[in-house]
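Chemist: First the structure, then my questions, so here it is.
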Amino acid sequence: MAGNKTDPRVVKTRNSLCKALVYLMRREKLEDISVQKITETANITRGTFYLHYKDKKDFIRSAINEILDEFFDQVMVESEDLSFSKGQTVQVFSLQKAFQYIESEADIFDVLLNNERNDFFYEQLYDRLSEQLSRFYTVMAESDEQPKVPLNLQISFIDSALLGLISHWLKDGMIYTSRYMTQSVGKMLDQLDSNNILLLDFFSHETEPALQDIQ
């Protein structure tokens, strides 16, 4: 995307186009969404669109990447406990921050994860989470250690379980709060044997006290 991304005009244009894309994805397949439909929905001229993007493919790739970048910037945190044990910085996935962020952006994530016409976002999110899990394993595993459960199976299991749970949480209208979801997933993770599945340590499920918990 050309231009300074911090320029308010660029930010406004990008946000308008992203909202238009999400709106259209609720109704049509990606291949049926044209640049004209996007610009008309966003109330932006085609000329303005092409100042920022080469074509529709470039725009969709950029929009999805920006959503994913923002999400992982919010949910990846440094773990002091694991860093101390390994002598280096280790990033883990904060379930609390993830559920809070998705809750605040529910309209976007519901469209992107629960639209049968479009599975592009799910695949991109799956791959990005897989990369983070692989990076975590590389840092945490002993150099000569062989996983008791093959790494690719661990990643597939965790990716599918977490994204499937998030998808159904959204589809069911988020009847549980983000805090309750964090606590529930934490309890389920605690029931699994982390000695056999090292990647379980990748998820931080500590929750900050809620206002009603503070006396």
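Chemist: Sort out which residues of region 155-211 are open to solvent by 30 Å² or more (accessible area, probe 1.4 Å), closer than 24 Å to Asp107 by Cα and assigned to a helix (DSSP H, G or I), and write them in order of number.
Modeler: Matches in region 155-211: Ser160, Ala161, Leu165, His168, Lys171, Arg179, Tyr180, Gln183, Ser184.
Chemist: Restricting the search to region 99-131, which residues are within 18 Å of Leu17 (Cα to Cα), among the acidic types (Asp, Glu) and in a loop (DSSP other than H, G, I, E, B)?
Modeler: The one that is within 18 Å of Leu17 (Cα to Cα), among the acidic types (Asp, Glu) and in a loop (DSSP other than H, G, I, E, B): Glu105.
Chemist: Among the listed residues Phe59, Phe136, Phe93, identify the single one that is crowded, with 17+ Cβ neighbours inside 10 Å and out of contact with any strand residue (DSSP E or B) (no Cβ under 9 Å at 6 or more places or on another chain). Step through it out loud before you land on a result.
Modeler: Working: Phe136 fails: out of contact with any strand residue (DSSP E or B) (no Cβ under 9 Å at 6 or more places or on another chain); Phe93 fails: out of contact with any strand residue (DSSP E or B) (no Cβ under 9 Å at 6 or more places or on another chain).
Exactly one residue qualifies, and that residue is Phe59.
Chemist: Can we say Phe121 is closer than 21 Å to Asp69 by Cα, within 13 Å of the chain's Cα centre (by Cα) and modelled with pLDDT under 95? Full working, then the answer.
Modeler: On the way: closer than 21 Å to Asp69 by Cα: yes; within 13 Å of the chain's Cα centre (by Cα): yes; modelled with pLDDT under 95: yes.
So Phe121 fits the description; yes.
Chemist: I've got another one for you. Select from region 140-192 the residues that are within 13 Å of Phe203 (Cα to Cα) and of a type in the set (Lys, Arg) and list them in ascending order.
Modeler: Residue satisfying the conditions is Lys187 alone.
Chemist: Quick check: is even one residue across region 74-89 touching a residue at least 60 places away in the same chain (Cβ under 8 Å) and over 22 Å from the mean Cα position of the chain (by Cα)?
Modeler: Within region 74-89, the first condition is being touching a residue at least 60 places away in the same chain (Cβ under 8 Å), and the residues that meet it are 77, 79, 82.
So of that shortlist, the ones also over 22 Å from the mean Cα position of the chain (by Cα) come out as 82.
Yes, some residue in region 74-89 is touching a residue at least 60 places away in the same chain (Cβ under 8 Å) and over 22 Å from the mean Cα position of the chain (by Cα).
Chemist: Testing Thr13 on (1) more than 16 Å from Leu112 (Cα to Cα); (2) open to solvent by 30 Å² or more (accessible area, probe 1.4 Å); (3) of a type in the set (Ser, Thr, Tyr), one condition comes back false. Which one is that?
Modeler: (2)
Chemist: Ser85 is checked against (1) at pLDDT 90 or above; (2) in a helix (DSSP H, G or I) and fails just one. What number does that condition carry?
Modeler: (1)
Chemist: In region 3-29, which residues are β-branched (Val, Ile, Thr) and assigned to a helix (DSSP H, G or I)? Steps first, answer last, please.
Modeler: We begin by selecting, within region 3-29, every residue β-branched (Val, Ile, Thr); these are 6, 10-11, 13, 22.
Selection gives Val10, Val11, Thr13, Val22.
The values are calculated or read from the model by the stated rules, or taken from the named source; none is laboratory data. From a predicted model like this one, the values you see are computed outputs, not experimental measurements. Every residue, glycine as well, gets a Cβ built from its backbone with ideal geometry; the counts of neighbours run over all protein chains shown. Areas reflect the complete protein model, heavy atoms only, side chains present, ligands, DNA and RNA absent. Shrake-Rupley method; radii C 1.70, N 1.55, O 1.52, S 1.80 Å.
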